[in-house]
Amino acid sequence: MSVLTAEELLAGAAVTHRVAIPPEAHAAGGDGPAEVELRPLLLADVVRLSRAARDDGDLCSALMVQQALVEPALSLEQVQRLPAGLAEFLLGEVNRVSGLRLSADDLEALVHEPLARACLVLSREFGWTPERCAELTVGQVLLYLEMLGRGESPA
């Protein structure tokens, strides 16, 4: 097994994902399968959205979906008008492609201190700037921390 380089890990933040929407999650007509395109949220996105939503978990979730949707791009108001089941499905997919498996409440608690500490550890260990750390997805941060815990380093 080879260790990924920093560039290979960071490249994951630029990848978009086509996600099939199950028929039960949407009411759109049409003959073919329904899909959307999502991008993973970066650590900077999660921190910004958490601050914007403050203690409103529903707003944070809607902002996460809105920011991750590449195609179709929707406004926050449009995301808030989505059927609840579709919004919940999309949020789950945003979490999946971003490396998150947390509820909105867990995410809110995580963003404040642990992620700030994680960025501090990464900047100390690898000499990264806060800007570079902010470009990482939460999943990438967790992967780097796991690597450090195992005594490995990205080449």
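Every read-out reported here was derived from the displayed coordinates using simple, explicitly stated rules and does not represent laboratory data. Treat the numbers as computed from the prediction; the structure is a model and nothing was measured. With ideal geometry, Cβ positions are generated from the backbone for all residues, glycine too; neighbour counts draw on all protein chains shown.
Overview of results
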{"quantity": "Under 5 Å, built H, 5+ apart or other chain: amide partners of Ala34", "calculated": "Ile21"}
{"quantity": "Segments 61-68, 73-80, 34-41 sorted - mean Cβ within 10 Å per residue, highest first", "calculated": "61-68, 34-41, 73-80"}
{"quantity": "Extension gain, Val15 back to Arg96 (0.36 nm per residue minus Cα-Cα distance, nm)", "calculated": "27.8 nm"}
{"quantity": "Additional length obtainable on full extension of the chain from Val70 to Glu88, 0.36 nm per residue less Cα span", "calculated": "4.8 nm"}
{"quantity": "Computed lengthening from Leu142 to Ala52, 0.36 nm per intervening residue step minus Cα-Cα distance", "calculated": "30.1 nm"}
